[in-house]
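Working notes, beginning with the structure itself.
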Amino acid sequence: MDPRLAEILAEVKARRGRVLALTGAGISAESGIPTFRGKEGFWVVGSRNYMPQEMATLEMFERNPAEVWRWYLYRFGVCLRAEPNEGHRALVALDRALGERFHLVTQNIDGLHLRAGASRERTYCIHGDAAYVRCADECTLDLVAMPDMGVRDGETPFTAADRRTLSCPRCGGWLRPHVLWFDEYYDEHWYKMQSALRAADRADLVLVVGTSGATNLPSQIGDIAWRRAIAMVDVNPEDNPFAARARSMARGFAARGSASEQLPAIVSALC
Ligand code: APR
């Protein structure tokens, strides 16, 4: 490990510091889930009929819920087939070792952190979770478990039986995926916004893994880390705004490499 990185981590460990891990699609890339903005990314390849970023909007869901669901059922199938990797497992080890001093803010809806064993109370799924659906009309503010609809490919048609399965058990209207769309806002009830910001306000180290820094709440967490001049480590095989920011900080470090290569050593240095 680079001596500067070892020094930063040793200092956090010595003061029994609080760690906030912030993850993006890159940590699940080695589990075979495409990222969003990479070469084979979901936002690059997408659906036959629509631009991928159009699919992830409330506006499109209101216009054509069956087409939006068809695309999500394909994406959710990719998540269901995937297994957690060394990167997810390393963060679980950190969660267990640090307990209340650890929080995980993830942009991933794939559920792999939780399936690897991350604690539910300390994991904030700020872009939602493919394991749940909810009433699109908000007749209730409760989540419903995602029904098992099998693994589908991008061409599988959406049927009348699918429509029945995706009906709200209370009001009969559409259920929607529990995901944050591009034309929606972060909040606390569904997406744990304030909890994530509070964890950033109290952290001694922000450990950023596998995100391109394109979304708002993660950028705010980077801003908080910078303003508070805490330690910040970015793990990513490519340059990105968090790496640039980390390099500009006194206790910042950009660790070039994949999550599964970098995280096990980083986590053992912190435990
Ligand atoms: N290990 C670590 N990082 C990796 C790996 C890997 N094995 N492979 C790729 N990466 C990095 C890429 O270099 C890139 O910086 O992961 C990042 C993936 O970036 P995006 O595809 O933009 O994914 P993400 O940052 O999670 O996107 C954020 O945008 O549209 C939304 O809701 C969607 O949650 C998503 C959000």
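Among Leu143, Leu104, Leu94, the largest mean-square fluctuation in a Gaussian network model of the chain (Cα springs under 10 Å) belongs to Leu143.
Put simply, the amide H of Gly128, placed in the peptide plane, has neighbours under 5 Å in Leu180, leaving out anything fewer than 5 places away on its chain.
The long axis of helix 86-98 is offset from the longest Cα principal axis of the chain by roughly 60 degrees. The label-point distance for Ala14 and Leu141, in a model that sets each label 7 Å from Cα toward Cβ, rounds to 4.6 nm. For the stretch 75-81, the Karplus equation 6.51 cos²θ - 1.76 cosθ + 1.60, evaluated at θ = phi - 60°, returns couplings of 4, 5, x, 4, 5, 4, 6 Hz by residue, with Gly and Pro reported as x. PRE reach from Glu67 (point 7 Å along Cα→Cβ): which of the stretch 141-173 fall under 12 Å by backbone N? Backbone N within reach: none found.
A helix-only calculation puts the chain at -11500 deg cm²/dmol for mean residue ellipticity at 222 nm, using -39500 (n - 2.57) for each DSSP H run of at least four residues, averaged over all residues.
For the stretch 1-156, what is the relative contact order in percent, using Cα pairs closer than 8 Å and at least 6 residues apart in sequence? Relative contact order, the stretch 1-156: 24 percent. Phi angles of the stretch 110-126 translate, via the Karplus equation with coefficients 6.51, -1.76, 1.60 and θ = phi - 60°, into HN-Hα couplings of 6, x, 5, 4, 5, 5, 6, x, 4, 6, 4, 5, 9, 10, 9, 8, 6 Hz per residue; Gly and Pro are given as x. Phi angles of the stretch 153-167 translate, via the Karplus equation with coefficients 6.51, -1.76, 1.60 and θ = phi - 60°, into HN-Hα couplings of 9, x, 9, 4, x, 9, 10, 5, 5, 4, 4, 5, 4, 9, 9 Hz per residue; Gly and Pro are given as x.
Under a 5 Å amide H cut-off, with hydrogens placed 1.01 Å from N, Gly173 pairs with Cys168 among residues at least 5 apart or on other chains. What is the angle, in °, between the Cα long axis of helix 193-202 and the longest principal axis of the Cα atoms in the chain? Nearest 10 is fine, range 0 to 90. Compared with the principal axis, the helix lies near 0 degrees. Reported to the nearest whole Å, the Cα centre-to-centre distance from the stretch 120-172 to the stretch 215-271 is 33. Averaged over its residues, the chain has an accessible area of 45 Å² per residue, based on protein heavy atoms and a 1.4 Å probe. If you look at the Cα atoms of the chain, you get an Rg and a Dmax of 18.9, 60 Å.
Highest-first packing order for the peptide set 126-135, 149-158, 244-253 is 126-135, 244-253, 149-158, based on the mean count of other beta carbon atoms within 10 Å.
How about the stretch 75-149: which GluC sites (Glu not before Pro) there lie in a loop by DSSP and see at most 15 other Cβ atoms within 10 Å?
Answer by residue number: Glu121, Glu138.
The values are calculated or read from the model by the stated rules, or taken from the named source; none is laboratory data. As the structure is a computational prediction, the values presented were derived from the model and not from experiment. Don't worry about glycine lacking a Cβ; one is built from the backbone with ideal geometry, like all the others, and counts go over all protein chains shown. All accessible areas refer to the heavy atoms of the entire protein, side chains included, with ligands and DNA or RNA removed. Shrake-Rupley method; radii C 1.70, N 1.55, O 1.52, S 1.80 Å.
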